[in-house]
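For reference, the structure discussed in these notes is given below.
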Ligand code: CTP
Ligand code: ZN
């Protein structure tokens, strides 16, 4: 049977020589883990980790043609753990920014042009939310007839919203995007 070549090892004069592998220092590892800068597009920063994929849904990133980078469970000084989403070649509409505010009240939306941060927008939760979130009450009219949902924002952080039709109160964990 042919001898298996073992990676990183070579036989010199009958003795096995193990190649030395340099272990990167902590700072270098941190640099490697950062997702690369983008030339044009949008960076959504300071997203709470549990809202990462809600933002993906809101922006319909599944159907995006350009490069999309999603990094979650990153260490953040301000919010503990956070996520960053970078979308090359996309500008957000005001409606999309408002929707992000519902699930990520501390998010910043950075507009990138020619590798620089052209504009930094601090999102702001709207006072009412129309046709974005599903009502969690199965007997609510919005779940049984062609009626667009409408919620009032009772509290912004942590989020508490109330259905205009059935008055059901919902927290962040109940939120399902339409
Ligand atoms: N960024 C990027 N591509 C660029 C420029 C910036 O992906 N060409 C990203 C950075 O990695 C960062 C975000 O955009 O996640 C905002 O950039 P910047 O304002 O330079 O970073 P901070 O000062 O850390 O932002 P903040 O003060 O909002 O925390
Ligand atoms: Zn309802």
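Since every read-out is calculated from the coordinates, none of them should be taken as a lab result. The structure displayed is predicted, hence computed values, not measured ones. Positions of Cβ are backbone-derived with ideal geometry, glycine not excepted, and every protein chain shown enters the neighbour counts.
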Hey, if you drop one equal point scatterer on each alpha-carbon of the range 41-178 and run the Debye formula without solvent, what base-10 log of I(q)/I(0) do you get at q = 0.12, 0.13, 0.18 Å⁻¹?
-0.49, -0.57, -1.00
Rounded to two decimals, the Debye log10 I(q)/I(0) of the range 128-174 (Cα scatterers, no solvent) at q = 0.16, 0.22, 0.29 Å⁻¹ is -0.36, -0.67, -1.11
From Cα pairs below 8 angstrom and at least 6 apart in sequence, can you work out the relative contact order of the range 128-174, rounded to a whole percent?
33
Would you calculate the volume per residue, in Å³, of the smallest convex hull containing every Cα atom of the range 100-160?
100
Per-bin percent of Cα-Cα distances, the range 36-122 [5 Å]:
3, 16, 29, 27, 20, 6, 0
Quick calc, residue 155 & residue 39: beta-carbon distance into FRET formula, R0 41 Å, rounding 0.05, result 0.60
Extension reserve of the residue 72-residue 168 stretch, reckoned as 0.36 nm per residue once the Cα distance is removed
31.4 nm
